[in-house]
Amino acid sequence: MRRHPLLPHGAATAVGAFAIWASAFTLLYIVQALGCRFRGAETMLLHRATMYGVWIVHLVPLTLLLIALLQSSVPMRRVAILGTAAALGATAWTGLPLFFASACQ
Amino acid sequence: MTVLEPAPGLDGELDALWRTPHGRRGWLSAVNHTNLGRRFIVTACVFFGIGGLLAMLIRIQLATPANAFLNAGLYNQIFTLHGTVMMFLFAIPLFEGMAVYLLPKILGARDLAFPRLTAYGYWCYLFGGSLVVGSLAFGVAPDAGWFMYTPLSSRPYSPGINADIWLIGITFVEVSAVSAAVEIVVSVLKVRTGGMPLSRMPLLAWYLLVTAAMMLVGFPPLILGSILLEIERAFGWPFFDPTRGGDPLLWQHLFWLFGHPEVYIIFLPAAGAVSTMIPVFARRPILGYDWIVVSIVALAFLSFGLWVHHMFAVGIPHLALGFFSAASMLVAIPTAVQIFAWIGTLLAGRPVLRLPMLFVCGFFFIFVAGGLTGVMLAVVPFDWQAHDTHFVVAHLHYVLIGGFLFPMMGAAYYWLPHLTGRMPVYNLGTVSFWLLFVGFNLTFLPMHLTGLLGMPRRVYSYAPDLGWDWLNLLSSVASFVMAMGFALFLADILLQRRFGERAPADPWQAGTLEWAMPTPPPSYNFASQPDLSHPSPSEALASEIAAGRHFLGFARNGWRETLAVEAASGRPDQVLLLPGPTLLPLWMGLATALFFVPALFGLYPLTLLGAVLVIGLTLAWLWSMGSRDDPPTVPVGRGLSIVAAPADRRSPLHWGLAAALVADGSLFAALGFGQAFLHLVAPNVPADDPVPIGAAAILAAAGLAAAAGAAAGSRVSQARLGIAAAGSALAMAGMLLLPLPAPTEHAQAAAANALAAFVALHAGMASIAALYSLARLRAGYVSAVRDLALRNTALLAAYAAGTGILALALIHLLPLAVR
């Protein structure tokens with residue numbers, strides 16, 4: 001396995017992966033708040049679709065990062081892989097309420 | 001019995017360099033981490049004693065219904081101070097003391113990165129803590145609860161100085177916490193011995209690193225909230241006043257943005273102690289090192305996504321509740337991973353039940369129980385039923401006492417032979433444990449029931465026919481059993497110190513670095529810093545270290561030398577030359593006190609004088625560092641020669657500034673959040689039309705752009721520094737002249753003025769830094785290879801410019817966008 005030129009140290013990768021989770025969490029909360037402040041009946045669907053979009057936009061890079069890590073070598077590789085997998089799971093779990101909770105009530 | 005002794009002659013030479021002078025002046029000027037760590041720990045324990053006495057008074061009052069022992073006003077002061085003392089003056093400073101004392105020892109270093117900053121942090125803690133606790137003697141202690149909810153803590157409902165004492169005193173103490181966090185982060189990343197990469201760092205160092213990083217991000221929202229509330233109380237800026245567009249919920253957001261991570265900031269260092277002790281007493285290496293590192297990082301992040309679970313009852317849309325509820329459940333997983341790693345290590349090893357392990361077992365039982373009630377409270381419908389009842393009081397004590405106090409008491413017994421050089425003499429510790437364990441559970445287990453029966457928090461009295469009587473009486477009696485346990489613990493420590501036998505080298509056969517030195521530790525820790533690139537058996541390593549055969553096993557030029565390394569690889573990359581004893585931190589602490597204390601009484605000219613003194617002393621402090629000569633390359637032993645005290649981007653000072661700016665950025669983000677919250681979420685009375693972008697705003701933006709541009713090209717150049725200084729000054733003038741609405745009219749105007757003040761302050765700081773760097777340049781302290789002052793100025797100017805441009809957008813564009 002070769003060292004991937006773009007992947008940093010494993011500890012930094014784990015921190016970066018959870019930073020992506022933090023970004024997802026923050027943006028979901030912001031979009032939810034903004035949407036409830038501004039939406040009308042005609043934009044309800046757009047509001048929810050935007051939140052799904054935010055969620056997926058964060059799931060994709062975490063998945064790609066995990067795949068890249070599985071195929072390459074970095075210092076503290078196991079920490080990088082475990083951290084990224086954990087961040088991916090956390091992001092998926094955090095977005096689940098999108099499927100059943102009312103957005104603004 | 002093996003006792004480690006340094007090579008003849010070397011001990012005296014090193015001790016002469018590193019020791020703290022005797023006498024009063026020596027005590028006041030100490031900067032050595034061993035002295036300061038002990039001092040933090042002892043002071044925290046004194047505050048713990050005070051907080052414990054207050055808890056006893058609370059339990060006496062609640063022992064029987066309609067008790068007349070305390071009146072309502074005094075009870076309010078006592079329970080507020082109990083929570084405040086335990087959280088801010090005991091738990092966090094005890095962790096700081098542990099980190100300050102232990103970190104260099106477990107990292108194989110001779111001291112921390114910034115010894116004078118440690119001393120300054122101690123003085124801020126002592127002065128701020130004394131201010132808060134001393135207020136009780138004058139009957140003006142804070143009385144609005146340890147989380148100071150508005151509007152109760154606002155001027156109309158708390159007209160005295162009680163709330164001001166909390167806001168100003170705790171902010172003063174937080175200066176200490178942020179200083180310690182900067183110190184710990186930089187020290188773990190840079191000030192280790194040679195050959196210790198991140199991947200082989202002791203787990204305790206990982207815990208302390210992550211905890212300190214969490215403090216950098218978590219504490220500033222509280223500092224900001226305290227500043228805003230104090231400004232509201234003193235000058236009428238209505239951030240939290242709903243009659244003028246403010247919102248009390250903004251305070252709750254700011255407080256819990258700090259408050260929930262705080263729980264993990266308290267838990268993680270204790271978990272670090274557990275992760276250190278368990279492998280020692282299980283007689284095998286810990287299982288799942290990598291898993292634990294990931295769990296620590298996960299906890300650090302996830303803990304910032306939980307704060308709204310303290311606000312589930314305030315009326316928040318279901319989806320937002322769902323996000324925070326999901327994160328609240330998620331956080332149990334990394335905690336569980338650590339617990340399983342510990343249990344697995346015990347199962348796979350040959351555990352011996354020594355006294356520290358008894359406390360670890362108590363921790364397992366109590367903390368897991370507290371964690372489970374935490375999962376219950378993370379479920380929104382249950383939280384709505386139990387919110388603000390004694391169930392929550394029980395839960396938080398199970399988590400904090402179980403998750404912090406029990407492991408820290410175990411840690412105390414584990415490291416006391418290190419601190420004192422003595423072993424325990426009697427078996428008082430075991431008796432103390434059982435009194436504490438039984439007393440604790442009988443005190444707090446019944447509170448789950450009184451809470452479920454409807455007993456609210458913070459009531460000073462209750463009617464006799466509610467079914468709460470016997471449970472409260474049981475809690476009160478048991479709390480005295482607990483108090484006896486603590487008294488025995490204290491007696492045990494004093495007896496050990498006075499009568500204990502001399503501790504052998506490495507009394508627990510831990511084989512870790514902190515035991516590879518004589519105990520109590522010498523002022524310089526290691527006669528030579530261990531070279532870990534070729535690990536040898538621990539006993540041989542300890543002897544070699546003591547004989548001075550590893551790095552820096554000598555004294556030269558009167559320098560206090562310690563190695564610094566590349567953060568990831570642990571390769572030595574420089575020798576740090578650390579400062580000796582000085583009164584400067586004390587003077588700085590007194591100047592900081594002059595800044596804070598007069599504000600309590602509205603004596604703002606004195607506050608201004610304090611600010612001027614702090615700036616002046618900071619510049620004097622910085623000026624005392626550096627050299628007019630380029631740094632020499634010096635031999636450090638083991639055939640290696642590296643540069644001494646490089647004044648460039650490798651310097652810990654550069655890392656320290658970056659860490660401080662992370663904290664400052666967190667404060668700015670919280671302020672931006674406040675501005676957005678007041679415009680978007682708060683159910684406000686409408687504000688006037690937004691102010692159009694004026695000439696002053698354009699002036700400020702141009703100045704910020706100039707500063708940023710100059711900072712971007714950070715090569716040595718007087719012209720660039722001049723542009724940065726002029727641009728920052730221009731930005732400051734622009735922000736001060738900005739035609740904003742009066743801050744007392746509306747909360748949104750108050751927030752806009754606060755943002756403008758933030759930018760003006762930072763632009764002013766960047767100007768001063770640029771002028772200072774110009775002076776350093778002219779005095780010959782700067783060259784092509786000594787460009788630290790320029791790099792730091794560039795970083796500060798770029799930061800001021802970045803936040804300034806964001807702030808201008810928040811002030812001018814956000815209101816337009818909302819409309």
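Modelled spin labels at B:Tyr149 and B:Ala234, positioned 7 Å past Cα toward Cβ, are 2.7 nm from each other.
The residues of chain B have, on average, 35 Å² of accessible surface per residue, using a 1.4 Å probe with all protein chains present. In a reduced charge model with +1 at each Lys and Arg Cβ and -1 at each Asp and Glu Cβ, the protein assembly as shown shows a dipole moment near 1620 debye about its Cα centre.
Between B:Ala712 and B:Leu761, the contour length at 0.36 nm per residue exceeds the Cα-Cα span by 15.6 nm.
Solvent-accessible area lost on pairing A with B (1.4 Å probe, both sides summed) amounts to about 2800 Å². Based on C-alpha pairs under 8 angstrom that are at least 6 apart in sequence, chain B has a relative contact order of 17 percent. Computed over chain A, relative contact order equals 48 percent, with contacts defined as Cα pairs under 8 Å that lie 6+ residues apart.
Accessible area per residue was computed with a 1.4 Å probe on protein heavy atoms; B:Arg354 scores about 100 Å². For chain A, a Kirkwood hydrodynamic radius built from all Cα pairs, placed in the Stokes-Einstein relation at 10 °C and 1.306 mPa s, yields a translational diffusion coefficient of 108 µm²/s. Other protein chain C-beta atoms within 10 Å of residue C-beta, averaged over B:312-323: 6. Element breakdown for the range B:652-818 at a 1.4 angstrom probe: carbon and sulfur atoms account for 72% of the accessible area. Dividing the summed helix terms, -39500 (n - 2.57) for each DSSP H run of n ≥ 4, by the number of residues in the protein assembly as shown produces a 222 nm estimate of -22500 deg cm²/dmol to the nearest 500. Computed over Cα pairs, the Kirkwood radius of the range B:652-818 leads via Stokes-Einstein (0.692 mPa s, 37 °C) to a diffusion coefficient of 200 µm² per second. Carbon and sulfur atoms: what percent of the 1.4 Å accessible area of the range A:10-98 do they account for? Reported share for carbon and sulfur atoms: 77 percent. Spacing of the modelled spin labels on B:Leu816 and B:Trp434, each 7 Å from Cα toward Cβ, amounts to 7.5 nm. Express in % the proportion of alpha carbon pairs of the protein assembly as shown at distances exceeding 41 Å. I get 37 percent for the Cα pairs in the protein assembly as shown exceeding 41 Å. Within 10 Å of the Cβ of each residue in B:285-297, the mean number of Cβ atoms contributed by other protein chains is 4.
Simple point charges give the picture: +1 on the Cβ of Lys and Arg, -1 on the Cβ of Asp and Glu, and for chain B a dipole about the Cα centre of about 1460 debye. Here the extension length gained between B:Ala72 and B:Leu453 equals 134.9 nm, from 0.36 nm per residue of separation less the Cα-Cα distance.
Each listed q (0.05, 0.09 Å⁻¹) maps to a log10 I(q)/I(0) for chain B from the Debye sum over equal C-alpha point scatterers, namely -0.27, -0.91. The charge dipole of the range B:200-280, taken about its Cα centre with unit charges on the Cβ atoms of Lys, Arg (+1), Asp and Glu (-1) only, comes to about 280 debye.
When the surface is traced with a 1.4 Å probe over the full set of protein chains, B:Tyr264 keeps roughly 30 Å² accessible. When the surface is traced with a 1.4 Å probe over the full set of protein chains, B:Ser773 keeps roughly 0 Å² accessible.
In whole angstrom, how far apart do the alpha carbon centroids of the range B:764-819 and the range B:591-613 sit? The two parts, judged by their Cα centres, are 26 Å apart. Remark: the B:Leu28-B:Trp470 segment gains 154.0 nm on full extension, using 0.36 nm per residue and subtracting the alpha carbon distance.
Take the Cα of B:Val425, go 7 Å toward its beta carbon, and the backbone nitrogen atoms of the range B:481-502 under 13 Å from that spot belong to B:491-502.
With every protein chain in place and a 1.4 angstrom probe, the accessible-area ranking of B:Leu442, B:Leu103, largest first, reads B:Leu442, B:Leu103. Please give the FRET efficiency for A:Leu70 paired with B:Ala336, using the beta carbon to beta carbon distance and R0 = 22 Å, rounded to the nearest 0.05. Calculated value: 0.35. The residues A:Thr43, B:Thr335, sorted by heavy-atom accessible surface at 1.4 Å with ligands and nucleic acids left out, run A:Thr43, B:Thr335 from largest to smallest.
Ranking B:Gly344, B:Ile223, B:Gly734 by how far each Cα lies toward the positive end of the dipole of chain B (charges on Cβ) leaves B:Gly344 at the top.
Sorted largest first by accessible area at a 1.4 angstrom probe radius, with every protein chain in place, the residues B:Glu183, B:Glu13 fall in the order B:Glu13, B:Glu183. In the range B:652-818, Cα pairs under 8 Å separated by at least six residues give a relative contact order of 32 percent. With the simple spin-label model, which puts each label point 7 Å out from Cα in the Cβ direction, the A:Leu6 to A:Gln105 separation comes to 4.4 nm. Looking at the range B:509-565, the trypsin sites (Lys or Arg not before Pro) that sit in a DSSP loop and have at most 13 other Cβ atoms within 10 Å of their own Cβ are B:Arg556. Placing unit charges on each Cβ (+1 for Lys and Arg, -1 for Asp and Glu) gives the range B:652-818 a dipole about its Cα centre, and among B:Gly672, B:Ala775, B:Pro743 the Cα reaching farthest toward its positive end belongs to B:Ala775.
The values are calculated or read from the model by the stated rules, or taken from the named source; none is laboratory data. Being a predicted model, the structure only gives us computed values, none of them experimental. Reconstructed Cβ throughout: ideal geometry from the backbone, glycine too, with neighbour counts over all protein chains shown. Side chains included, ligands, DNA and RNA excluded: accessible areas come from the protein's heavy atoms. Shrake-Rupley method; radii C 1.70, N 1.55, O 1.52, S 1.80 Å.
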